[in-house]
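Accompanying notes for the structure given below.
What follows draws every value from the coordinates through simple rules; no lab data is involved. Remember, it's a predicted structure, so these values are computed and weren't measured experimentally. Don't worry about glycine lacking a Cβ; one is built from the backbone with ideal geometry, like all the others, and counts go over all protein chains shown.
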Amino acid sequence: MVLKTRIQLSTLFFLEFFIWGAWFVTMGTFLSQEFSASGGQLAMAYETQSIGAIIAPFIIGLIADRYFEAQKILGILHLLGGILLFVAASAESFTSFYPYIFIYMLLYMPTLALANSVAFHQMKNPTKEFAPIRVLGSIGWIIAGLSIGYFAWEGKAILQNTFYMASVASILIGSF
């Protein structure tokens with residue numbers, strides 16, 4: 001694989017998982033601190049991931065396979081997701097937060113498969129080439145968590161910044 005393609009795919013996976021790691025782990029604390037969310041509300045917010053993982057890939061997969069290139073759909077989903085994360089961060093109640101995160105997860109979950117599809121399409125030998133590229137996703141998740149700790153957003157109860165950070169990364173990857 002050409003070095004430029006390897007760097008592009010590594011960047012794709014880094015940002016793909018940086019976005020998720022930037023807000024997903026701290027969402028429960030954010031909802032508890034910001035909205036005094038109940039346990040049921042926290043469960044509802046986190047179950048959006050499962051709903052998105054079950055429903056959305058079928059719809060997006062059909063569209064990606066038949067009508068558009070995977071990388072174009074990936075870009076559009078991330079641009080829309082960046083907007084949704086930004087709006088979710090500025091929500092004033094759980095009731096206004098939940099629809100945005102629900103729609104976001106319907107858009108985000110298919111991007112995981114689309115990123116793999118884009119990567120495999122570019123590889124001559126996925127068995128050897130995929131792992132070194134995919135590991136950048138795990139590093140992205142870790143860097144997102146370290147950034148939150150470095151800026152002490154969790155301790156200062158300004159966790160909405162994690163959603164803003166993920167929003168910027170999502171718009172960046174959508175543009176990329």
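Within the set S117, S147, the sole residue that is over 28 Å from G28 (Cα atoms) and either among the polar types (S, T, N, Q) or without any contact (Cβ under 8 Å) to a residue 40 or more places away in the chain (or both) turns out to be S117.
In the stretch 1-49, the qualifying residues are those that are among the polar types (S, T, N, Q) and part of a loop (DSSP other than H, G, I, E, B), and the one that is farthest from M109 (Cα to Cα) is S36.
Residues considered: E92, E47, E69. Of these, the only one that is within 19 Å of G174 (Cα to Cα), of a type outside the set (K, R) and loosely packed, with under 14 Cβ neighbours inside 10 Å is E69. Any residue at all in the stretch 89-111 that's of a type outside the set (F, W, Y) and under 24 Å from V2 (Cβ atoms)? Yes, that holds for at least one residue. Restricting attention to the stretch 63-79, the residues that are in a helix (DSSP H, G or I) and without any contact (Cβ under 8 Å) to a residue 40 or more places away in the chain total 4. Among the conditions (1) surrounded by fewer than 14 Cβ atoms within 10 Å (Cβ to Cβ); (2) in a helix (DSSP H, G or I); (3) of a type outside the set (S, T, N, Q), the only one that A113 does not satisfy is (1).
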